[in-house]
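These notes are about the structure you will find just below.
The values are calculated or read from the model by the stated rules, or taken from the named source; none is laboratory data. Just so it is clear, the model here is predicted, and its values are computed rather than measured. Backbone-built Cβ (ideal geometry, glycine too); neighbour counts: all protein chains shown.
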Amino acid sequence: MKQEYFEIGQIVNTFGIKGLVKVKPFTDDLERFEELKSVFVVKNKELVEMKIEEVKYHKNLVLIKFKGIEDMNMAENLKGCYIKINRKDARTLPEDTYFIADLIGAEVYDDNGNLLGRVDDIYNNKVHDIYVIKDDLGKQILLPSTKEVIKDIDIDNDKIVVHLINGLI
C-alpha cells in the first residue's frame, strides 16, 4: 500500500531567537523546501499543518520559519518532530526511480522465484543505493541498486525481482 505522506526531514534544534527551526533534510534536493507553502509536523502522533514563512540554509541543514512560531521557546516545542508532505505534493520522479517509502517492505525474490526477504532499509553509499533485504530470521543481504542486480520493481504488488551475481551473498 502506498504511503499517503512522505517524511522529508526532522526538526533537530532551534536557530536564533525568532522562532526558526533547524531541519535535517531527508531529501537530496534542499531547494525542494522553498517550493512548499506548508508542511505537516508530526506532534504527539498527530499531523499538524504548518504554514512556511521563510526558508534559509545553514551548513547541510534547512532553516524554517513557521507562521505562528515567534520565539525560541515556541520553536523548542517542535524539536524532534518529523516533517511530512502529502504524496500529491511530492515531485514527479524520473522514469525507473522510486520513493524509498514505496520500496520499504516490498518482497524481494531472486530470478528463480525464491523469496529472499523484504526491503528493510535503503541507503546511499555515494555510488548507488544499497537495498537492505532482511528475511524472517533476521539475516540481511545487501544488494546494490544496479541494472545488473535489480531486474524488476513492481510497486503495485510490493514485489522486487533481483539477479544474484556471484559474490553478493
Notebook entry, point to check: Take the residues of region 135-169 that are touching a helix residue (DSSP H, G or I) at 6+ places or on another chain (Cβ under 9 Å) and either surrounded by 14 or more Cβ atoms within 10 Å (Cβ to Cβ) or outside the structural domain of Gly113 (by TED's automatic domain parsing) (or both): which is nearest to Tyr109 (Cα to Cα)?
Noted result: Ile160
Check: So which of Ile85, Ile69 is within 30 Å of Glu34 (Cα to Cα), surrounded by 13 or more Cβ atoms within 10 Å (Cβ to Cβ) and under 20 Å from the mean Cα position of the chain (by Cα)?
Finding: Ile85
Next item on the list: Go through Gly80, Gly19 for me and flag whichever is surrounded by 13 or more Cβ atoms within 10 Å (Cβ to Cβ), on the phi > 0 side of the Ramachandran plot and touching a residue at least 24 places away in the same chain (Cβ under 8 Å).
Entry: Gly19
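Conditions tested, residue by residue: (1) touching a residue at least 12 places away in the same chain (Cβ under 8 Å); (2) on the phi > 0 side of the Ramachandran plot; (3) not polar (S, T, N, Q).
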residue: Pro94; (1), (2), (3): no, no, yes
residue: Tyr98; (1), (2), (3): yes, no, yes
residue: Glu107; (1), (2), (3): yes, no, yes
residue: Val132; (1), (2), (3): yes, no, yes
residue: Gly138; (1), (2), (3): no, yes, yes
residue: Leu143; (1), (2), (3): yes, no, yes
residue: Lys147; (1), (2), (3): no, no, yes
residue: Ile155; (1), (2), (3): yes, no, yes
residue: Asn166; (1), (2), (3): no, no, no
